[in-house]
Each structure stands twice: as structure tokens, then as C-alpha cells.
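Everything below concerns the one structure shown next.
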Amino acid sequence: MPTLKSIAVLVTGAFAAASTLAAEPVQKVKPPVSQAYIDLATFSGGMPAMGGGGGMFGGLFGGGGAKTGGNTFGQTQGASTGRWMDVTLMTRNNPKMMHATQSVPTGSKLSPNVKLEAPELEKPSGGGAVSYQGSGGDMQMPKGKMYLYWGCGTEVRKGQPLVLDMAKMDPAQMSKFFQNRGQTFQVPPPQPGRPVWPNKNDDRLLPEGASMAGEHSFAGEGVVEGFRFNIDKAHDLMPAIVAKRADAATSVNFSWQPIEQAKAWFVASMGMRNAEKDEMEMVYWTSSELPDMGMGLLNYQPDGAVDKWLKEKVLLPGKATECAAPKEAISATAMTRIIAYGDELNMAYPPRPKDPKITWEPQWDVKVRTKSVASLMPGMGDMAAAMAAAQQGEGAERGQNGQPPAEQKPQSATDSLIKAATPSAFDVLRGLIRK
């Protein structure tokens, strides 16, 4: 039996060990002098976005609008068919930098470089505060319900669906229903001192077959010398997803061709059923094994979050090629989005010192993100797969482009509910929430 003295020695030793650990130095990290973000995105399937609205479902799934014209910054956050690149550059040596260049590899078909430009500071237009004009008269809550199903399988699982009665607007019910994972890092938006590509003076579309694999470098007033790095094939533009939807007697089956760069997959569907003039039913289904509406996951996600959600089976593994849903969970009007997540590429110079006593002072760093997203429209069947294969280079030929969205913020439950409501219910909900 241990003596009182031996117990005291053990306790003292434990405290001494804890103190030693606590005394270990925490490495100081200074922000990089120059910093760049490169987003690469591929969109396929479905229909091209229409003039400025992004289509009926574009906003619901986080898509931006589009219009015919030159390339514009922000297309990687939209949903227009094609392959897109957004580049943002900043430097602490010159907070007022307006112009810069990025040398790109010959495979990009944009070489020798692209021109980055910052937007001019716009003068205030006046106008004052924006007020909301209600629909007038006695406002009534919209009638209808929202249903959430989740998980791959041909049968509705026990405990599903989650149901939200829109007329009751119960906070507890809403909190339980609107579950949206997502840790998308929001790239700083274009502004004076922060040049981007594309822009009004270099609005070229990515040519068909373009590749960003190879050596890149940045130059500009205040940009550190030697800002040079390589993008490997694993972090190049991803191919278009070739996917299809097949309706069976009791299930709806989604399948897609494998993509070597895919680290994980996620499938989300949304549509209406039994729609009536004064009542609606919105039906959501996702491939997650845990309840999730999916609105936060249909975008870039950091590697750490993807790894976590793979373990939790919120995301499908990179080798997955199919997922079935119960027929009840996919309405006849449902639109489905499938996303393949690529690995992030994070580089900095000089590398982080292994000795925590040495301060890390990176001269530059760059973050490269990749994703591929497919849209499956109702009733398209095998035609969606054929369209996806054909659309690989059509984005450059069509010139489908969107305006850059404002700095995006995580979508709240209220915003999700408003966007899911029918146009007739929109004013009612918005008016009540703002009161």
C-alpha cells in the first residue's frame, strides 16, 4: 500500500511536470508581408445561369447570378457552367497597391501573365438608409411545412423526417431543423489596395483545356521579391463531374464518375411537392449520416473540417461513386447539387521554424482551393451526364459570367427560411421578422 509520503512525491512530480509543459515557449508568428489567394472552381450539369438571377435555385444553394459579357471576379462562388479562377493579392508593404501581375504557366493558355487590378474607391451615392415596405394589410403566416431527410439508402430511416411547420415559427423547432455545417473561409473581397483577377481590364475567360499546374509568381509595388511557387497536378483545376439521376420505384439513385483529386463528396437535394396556392411543402435531403440541410457544405471547406466530417460520415469518401435516397425524400421538382472537394494547397516562405523559440516571419504565403460542383435538374436523367461531359470547355465559348457577390456571411436559419418560402410568403415572413 502506498504511503502518504509516496503519494505526496507523486503529486509533487505531477505538478512539476505540468509546470514544465506550461513553461514551454509558444512560437511567435508574424503575418506574411505579401499574401495571395487562388480559388479554382468547376461547375457542370444543369442549365447555365440566366441574366443576373442565377436561376430559381441559384440563391438557395449559394450560387451567384450571371450575365453575358467578360469574365468577372466571383465566379468561383457562383454556379455558371464552366471553369473559373479568382485571384486576390495584398501586401503590407503597400496598402494602397492598385496594380500587380501574376506570371502563369503556358498550360494556362493565359501566359505570360494576368493583370491584377484593384477597384477604384467609389463615391457614396447618398440615398440614406434603406427601409422595407411591407405588403400592407393584415399579415398572415404562410401555410406549409418543410421536411428534412438525410443519409444514403432506399428506405426512410427511423426518426425521419424532421418537420418544420412554417405557420408556427417555433424557435426550438427551427433550431433543430436548420442544421448547417460549414467552415468556408471567406477570401477578402476586392477593394482599393487589394488587386484581383479577373477585372475590367483583364476579363479573359479560362480557355478550354487550361491548366494551372506549373510555376506562378507575383510582382507589384510592395510585393516581396521571390514570391514564386508551383501548383502541382493534384491542386490543378478539377474536371467536371459527370453525374446522373435515375428514378426507381422506391428510390432515387445518384451516381457519378470518379475524380482522382476528390478528397470527399457531398450530395444535397431540394424541391417542392404538393404545392398549392396558399400552402407549400419544401423537401430537403442530403447524403450526410447526420442531420444537415447542406447549405453550408456546398462550397470550399478546409482540409481539417473535411477530415473531421469524413470520420463522422457527414461527407462521403473520395472513392464514392453513388448514393441512393428514398423516393419520399426527393420530390419530382428537386434540384440536386453534388460537390467534390479538392485538397487545399498552403505554401509559405520561409518555412515555419521547427524550434518554437524562433519567431516565424513569412515573407509570403499563398492558399489555393479547388472544388468541382455538378447540378442535376429534374427530369434530365442520363442527359445530365452527357451535358456535363460536353460542358467541360463550353464556359469559355459561351461567356457566362456573374457579378462578384458581396462579402459572404454564413447563412442564418432566418435567411434559409425566407429563401425557401414561395414568393407569396416572402413579404409576410420578412415583415414579421423585421418587426
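Figures for the structure shown
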read-out	value
Listed residue pairs exceeding 32 Å between alpha carbons, taken from K143/K263; K168/K319; K145/K313; K200/K263; K233/K354	K143/K263; K168/K319; K200/K263
Residue (of N230, A249, G294) at the positive-pole extreme of the stretch 168-324, dipole from beta-carbon charges	A249
Kirkwood Rh, angstrom, the stretch 193-348 [1 / mean 1/r, Cα pairs]	18.6 Å
Projected label distance in nm at R228 and T359, using a 7 Å step from Cα toward the beta-carbon	2.8 nm
Rg(Cα)/(2.2 N^0.38 Å) for the stretch 262-375, N = residue count	1.46
Total formal charge among the other residues, if their Cβ is under 15 angstrom from that of K371, Lys/Arg +1 and Asp/Glu -1	-2
Rg/Rh ratio calculated on Cα atoms of the stretch 142-194 (Kirkwood radius)	1.23
Length added when fully stretched, K319-A332, from 0.36 nm per residue minus Cα-Cα	1.8 nm
The stretch 228-309, relative contact order [Cα under 8 Å, separation at least 6], %	18 percent
Within the stretch 192-286, GluC sites (Glu not before Pro) in DSSP loop having at most 11 other beta-carbon neighbours inside 10 Å	E225, E260, E276
Estimated inter-spin distance, M98 and K311, nm [label 7 Å along Cα→Cβ]	5.0 nm
Coil-residue trypsin sites (Lys or Arg not before Pro) of the stretch 292-355, DSSP, other Cβ within 10 Å capped at 11	K319, K354
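Bear in mind these aren't lab numbers, they're just calculated from the coordinates by the rules spelled out. Predicted model only: the values in this text are computed from it and were never measured. Neighbour counts run over all protein chains shown; Cβ positions are idealised from the backbone, glycine included.
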